[in-house]
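To keep things clear, I will list the structure first and then write my remarks on it.
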C-alpha cells in the first residue's frame, strides 16, 4: 500500500517504487529559490504568507517532513508535512503545472504519509479552499474525505 523507499528520507535522494521517474528527498537550502518559484507558479504564494519565512519556520520543526520531488535535477513537486503528536498536517503540496497528471502529486503524498506513519501519526488533516474543486478531487482520489468541519485561523504575526 505505501511506497517502498530505497534509503532514508533525510538528505538522501530516494526513488519511490511508484510508477514515476521523480526522485523524492528532503528539502535542502539549495532548493529555496526553485521551491518558491514553484509555489508562485502554482498560485500558493499569497500576500499574508511570506514563503521564505514559511520555509525558515519549517526547518526548525521536523525538517525531514519537507519534501521535494525532482525530475532531471529540477524541482517539480513539494509537500510540507507536520506532526504535533495528535494530528498530521499537509501544506504546500505543489506540482509544476506542466508536470501534473503524471503521478507526482500522489507519489510525494505517499512519501510524506509514510514518514508521518513512522512517527505514529494516526490521521492527517489539510485545508483546501472550497472553490478549488480540482484539488479537492485530487485529494478525494487518494483517500481523503471532507470532515465537515469549519477551519478557523488567527494570525499571530503580520508579515
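Computed from the coordinates by the stated procedures, all read-outs in this text should not be read as laboratory data. This is a predicted model, so every value here is computed, not measured. Virtual Cβ from ideal backbone geometry, glycine too; neighbours counted across all protein chains shown.
Let a ≥ b ≥ c be the square roots of the eigenvalues of the Cα gyration tensor of the range 99-159; is it rounded (a/c under 1.5), or, if not, prolate (a/b larger than b/c) or oblate? Note, shape of the range 99-159 comes out oblate. Largest GNM mean-square fluctuation across 110, 100, 30, computed for the chain with C-alpha springs under 10 Å, falls on 30. Across 135, 149, 75, mean-square fluctuation computed from a Gaussian network of the chain (C-alpha pairs under 10 Å connected) peaks at 149. Of 88, 143, 69, the residue with the greatest mean-square motion in the GNM of the chain, using alpha carbon springs below 10 Å, is 143. Relative contact order for the chain: 20 percent, from Cα pairs under 8 Å spaced at least 6 residues apart, divided by residue count. Using the Cβ-Cβ distance between residue 73 and residue 127 with R0 set to 25 Å, the FRET efficiency from 1/(1 + (r/R0)^6) comes to roughly 0.20.
Neighbouring Cβ atoms within 10 Å as the yardstick, rank 60, 118 fewest first.
In order of increasing Cβ crowding within 10 Å: 60, 118.
Each of 113, 133 has some number of other Cβ atoms within 10 Å of its Cβ, and from fewest to most they run 133, 113.
The helix-based estimate of mean residue ellipticity at 222 nm for the chain, built from -39,500 (n - 2.57) per DSSP H run of four or more residues and divided by its residue count, is -8000 deg cm²/dmol to the nearest 500. Counting other Cβ atoms within 10 Å as a rough exposure proxy, the listed residues 25, 101, 87 run 101, 87, 25 from fewest neighbours to most. Residue-normalised convex hull volume from the C-alpha trace of the chain: 126 Å³ per residue.
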